[in-house]
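In what follows, a structure is listed as structure tokens, so that the remarks can point back to it.
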């Protein structure tokens, strides 16, 4: 079964919010992502992005334009400081609310509806964007075979991929408490560093890195002891965001054996504020990555015809950087890499199905992530560890500065977008962090 398309995906649809109609807009009427915002002095509220504006969804309740029973329930769930209540309702109410908001924001919507809706719009530049959900648990996967192979070659040249990689989506349990909203500063962490044969020292990391990732939020969860079948897994996914899993590579390389990532990973993970729903992504679904002839087929619990045919996602991800010197000189950001999630070895459905396969219960608002998304060539690498080959091949910035890893004052920006012939381009906004001490 192909992803369902409806009037909300019509490329020709325009909004009466003029900024949403710009060709460069991340948030046209075909997108309508959800997020959490706060006006100065007010409580946090759930909103939907349209152009350079935010529609206050809960504020629309009193206007009487969200009266349909299914729509009203979803809107009432938005009367909150997080998306968790809306996520818990599952796909049906979310779809109904999206379609109703699309109708209200259409250029040819009734004049009275446009007038009333306009009263609940605020400018994005006037608000503080917060984390979209109260995340109870966060799991990061390792779904890019290109990233896994490159990292493996750095540490195990003779055996880059461990035997389990092609059989299961490898992941680790991250730290939900250190998730931060885009724009939050990132402090350079300290940790144990071991270089050469001398004893380790405790010092600020000298190998701070970014990781270009896609995050996805759990919608309706599952009960403890009840796995989610692969055929139903996507019904448990609300939508996607950008994610930067900052990493202290020198700390990580010393501590990760035998139990995996720890302090080198859990000091900060930055999320973009807007969650693009699975419905908005429907036109950009694609087949899962075709495995090499010699690769094993996924085990039956990770295999479905529908997921193999449409479980991939044609979504571009991009990393750019500015140093402090670049900003002082007015030099624009430099793109370090651009990759695409269609190259992931494991689909989102496979990651979620595997996560619950032992009966682990996921809850609304839980966050899963793909791990670093890298492609086959150097222009598509998703972290400095790969791009500089563990610091041996530094990147040169326009100012002449070299970067083996991130320096103090560096600002890293992630972007994401989908585009396909016959459909309107949609974006994920930005995920940004400034490195300091």
By how many nm would the segment from residue 7 to residue 395 lengthen if fully extended, with 0.36 nm per residue of separation less the alpha-carbon distance? 135.1 nm
Stretchable slack from residue 325 to residue 305, in nm (0.36 nm times residue separation minus alpha-carbon distance): 2.0 nm
What translational diffusion coefficient, in µm²/s and rounded to a whole number, does the Stokes-Einstein relation yield for the chain at 10 °C and a viscosity of 1.306 mPa s, taking the hydrodynamic radius as the Kirkwood radius over Cα pairs? 71
If you look at just the Cα atoms of the range 217-317, how large are its Rg and its Dmax in Å? 17.1, 44
The chain, Gaussian network, Cα under 10 Å: of 360, 201, 418, the residue fluctuating most is 201
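If I take every Cα pair under 8 Å that is 6 or more residues apart in the range 7-129, average their sequence separation and divide by the length, what percent do I get for the relative contact order?
Working: 206 pairs, mean separation 36.3, N = 123.
Dividing the mean separation by the residue count of the range 7-129 yields 30 percent.
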Under 1.5 on a/c is rounded, so check that first for the range 7-129, then, if it is not, pick prolate when a/b is larger than b/c and oblate when it is not; a ≥ b ≥ c are the square roots of the alpha carbon gyration tensor eigenvalues. rounded
What percent do you get for the relative contact order of the range 293-387 when only Cα pairs under 8 Å and 6+ apart count? 28
Using packing as a proxy for protection, rank 301-310, 427-436 so that the peptide with the highest average count of other Cβ atoms within 10 Å comes first. 427-436, 301-310
Length-normalised contact order of the chain in % [C-alpha pairs under 8 Å, at least 6 apart]: 21
Taking a ≥ b ≥ c as the square roots of the Cα gyration tensor eigenvalues, with a/c under 1.5 meaning rounded and otherwise prolate when a/b beats b/c, else oblate, which class fits the range 63-214? prolate
When a/c is below 1.5 the answer is rounded, else prolate if a/b is larger than b/c, else oblate, so apply that to the range 289-427 with a ≥ b ≥ c taken from the square roots of the Cα gyration tensor eigenvalues. prolate
Selected from 316, 254, 274 as most flexible by GNM, with the chain as the system and alpha-carbon contacts under 10 Å: 254
Would you mind getting me the FRET efficiency between residue 224 and residue 113? Use the beta-carbon distance for r and R0 = 51 Å, nearest 0.05. 0.70
Taking the DSSP beta bridges in the range 138-436 as the whole, what percent of them are antiparallel, to the nearest 5? 85
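Nearest 0.05, what FRET efficiency do residue 197 and residue 408 give at R0 = 30 Å with Cβ-Cβ as r?
Here the calculated transfer efficiency is 0.55.
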Burial order of peptide ranges 392-403, 237-248 (average beta-carbon count within 10 Å, highest first): 237-248, 392-403
Top of 127, 293, 186 by mean-square fluctuation, Gaussian network on the chain, Cα under 10 Å: 293
In nm, to one decimal, how far is the modelled label at residue 159 from the one at residue 421, with both set 7 Å along Cα→Cβ? 4.7
R0 of 25 Å, Cβ-Cβ distance residue 206-residue 379: FRET efficiency to nearest 0.05: 0.45
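So for each of 368-374, 3-9, 384-390, 342-348 I average, over its residues, the number of other beta carbons within 10 Å; can you give me the resulting order with the highest mean first?
Descending packing order for the listed peptides: 368-374, 342-348, 384-390, 3-9.
Here, each number is a calculation from the coordinates, and none is a lab measurement. Source: prediction; values computed, not measured. Note that we place each Cβ from the backbone using ideal geometry, even for glycine, and neighbour counts take in every protein chain shown.
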